[in-house]
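The values are calculated or read from the model by the stated rules, or taken from the named source; none is laboratory data. Note that the structure is a prediction, hence the values are computed from the model and not measured. We place every Cβ from the backbone using ideal geometry, glycine too, and count neighbours over all the protein chains shown. For the accessible areas, the whole protein counts, side chains as well, though only heavy atoms, and no ligand, DNA or RNA atoms are used. Shrake-Rupley method; radii C 1.70, N 1.55, O 1.52, S 1.80 Å.
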Amino acid sequence: GADALQLNLFELGSRIDRGGREIEREYLEVAKRVRRRVQIPIAAKLSPNLTSPASMAASLREAGVNGLVLFNRYYGPDIDVERVRLAAAPVLSGESEALPALRWIGILSGQMDLDFAASGGVHTTEGVLKQLLAGARAVELSTALYIYGLEHIGRLTSEISSWMERHKFGAIADFC
């Protein structure tokens, strides 16, 4: 009963015998295979480490993807120097991580017939508004919900409504 599907496309690219073009072709093949099997909208969640996000976005659109989620945040390794062993890096996003999505949504949203969602680093009403003003149609808030709880959605909604009234916007589509 899903209304849409999000494809989390990622390969670390750590093999020296496997280049970026090969990895990106694989992303496109996955998108095409999924498109052939489902009729619902498909969004592709991408890495911020692509050589050309604009070209990849156009290719994914051609492959049948309806939207892009920018950008995926990967759990990374760290090293505990006191215990001299591998450790997990911080799991929750920081607000500065929202900037790459803001840049690329702003660049691509006016050029492409795709819906864009911002992912990573959005915790506040201001952060949500910035992404929407750049052209996002959705904003993912996982870390904010872990930190502030589900009631944070109500606060954000209320604050966005107040902002819209102050700026005389009747609907989000009026400023997205």
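Looking at segment 107-130, which of its residues are open to solvent by 40 Å² or more (accessible area, probe 1.4 Å) and not in a loop (DSSP other than H, G, I, E, B)?
If the condition is that a residue be open to solvent by 40 Å² or more (accessible area, probe 1.4 Å) and not in a loop (DSSP other than H, G, I, E, B), then Ile107, Asp115, Glu126, Lys130 are the ones that fit.
Can you say whether Ile172 is open to solvent by less than 90 Å² (accessible area, probe 1.4 Å) and within 27 Å of Met112 (Cα to Cα), as far as the supplied structure shows?
yes
Across segment 141-176, what is the total count of residues that are of a type in the set (Val, Ile, Thr) and either under 20 Å from Gly94 (Cα atoms) or without any contact (Cβ under 8 Å) to a residue 24 or more places away in the chain (or both)?
4
In segment 156-167, is there at least one residue being surrounded by 14 or more Cβ atoms within 10 Å (Cβ to Cβ) and under 28 Å from Ala63 (Cα atoms)?
no
In segment 1-97, which strands (runs of 3 or more DSSP E) lie fully inside it and hold 1 or more residues that are open to solvent by 40 Å² or more (accessible area, probe 1.4 Å) and free of Cβ contacts under 8 Å to residues at least 24 places away in the same chain?
It comes to 77-80, 85-88.
Residue by residue, here is whether (1) at pLDDT below 95; (2) basic (Lys, Arg) holds:
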| site | (1), (2) |
| --- | --- |
| Asn66 | no, no |
| Leu70 | no, no |
| Arg83 | no, yes |
| Leu92 | yes, no |
| Ser119 | no, no |
| Lys130 | no, yes |
| Ser162 | no, no |
| Ala173 | yes, no |
